[in-house]
Amino acid sequence: MAQTRIAVIVGSLRKDSYNHKLALALAHLAPSDFTFETLRIDDLPLYNQDDDGNQSAPVKRLKTEIAAADGLLFVTPEYNRSIPGVLKNAIDQASRPYGQSAWAGKPAGVVGISVGAIGTALAQQHLRNILAYLDVPTMGAPEVFLQAKDDLFDDKGHIGNEGSKKFLQGWMDKYVAWIKSHAAA
């Protein structure tokens, strides 16, 4: 059975990031023929168009990892009602130079978790606008705007709350179908 490779882009650099925990927990809900790899974005230089002709090694690595993936999973916090700068920088780096975007055509899912009551709703909307421009077919529903609660993750890093687990399993099932439908196209 062929493996479906998913590139995971987590928009948080924090050591104990809820979004990183969510990315790992979601991978546990996927079928065994799906492999999730979190891509490194903390070593990317700030995007500068002057560098388009001579991209740095970390940028080339990121673009190669994206190109090798069958799909994308964006897991983002919300900073100041939008996406974090580090995530926007990674998106910009891998989309340049113009006409050489690594993102184009890669099917994606977008999720996020925050301590706030609205989760990451606004950040996800901004991210979806960016992805639409970059020709990234993004699953529209169900949407996942999680609020971090004490019982969400168990001591093994899995989803510990049964209601949340059922909801996220439903999301994962739709995401898997979304990725497979684009692989067949």
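The values are calculated or read from the model by the stated rules, or taken from the named source; none is laboratory data. Remember, it's a predicted structure, so these values are computed and weren't measured experimentally. Note: ideal-geometry Cβ built from the backbone for every residue, glycine included; neighbour counts use all protein chains shown. Side chains are part of the model used for accessible areas, which takes the heavy atoms of the whole protein and leaves out ligands, DNA and RNA. Shrake-Rupley method; radii C 1.70, N 1.55, O 1.52, S 1.80 Å.
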I'd like to know if the range 137-159 contains one or more residues that are closer than 20 Å to residue 59 by Cα, in contact (Cβ under 8 Å) with a residue 12 or more places away in the chain, open to solvent by less than 70 Å² (accessible area, probe 1.4 Å) and hydrophobic (A, V, I, L, M, F, W, C).
no
The lone exception for residue 15 - which of (1) without any contact (Cβ under 8 Å) to a residue 40 or more places away in the chain; (2) in contact with a helix residue (DSSP H, G or I) (Cβ under 8 Å, 6 or more places away or on another chain) it fails:
(2)
Here are the criteria: (1) loosely packed, with under 14 Cβ neighbours inside 10 Å; (2) more than 21 Å from residue 30 (Cβ to Cβ). Tell me which single one residue 121 does not satisfy.
(1)
For residue 115, state whether it is under 15 Å from the mean Cα position of the chain (by Cα) and among the β-branched types (Val, Ile, Thr).
no
Scanning the range 160-179 residue by residue, those touching a residue at least 24 places away in the same chain (Cβ under 8 Å), open to solvent by less than 60 Å² (accessible area, probe 1.4 Å) and either not hydrophobic (A, V, I, L, M, F, W, C) or not in a helix (DSSP H, G or I) (or both) turn out to be 169, 170, 175
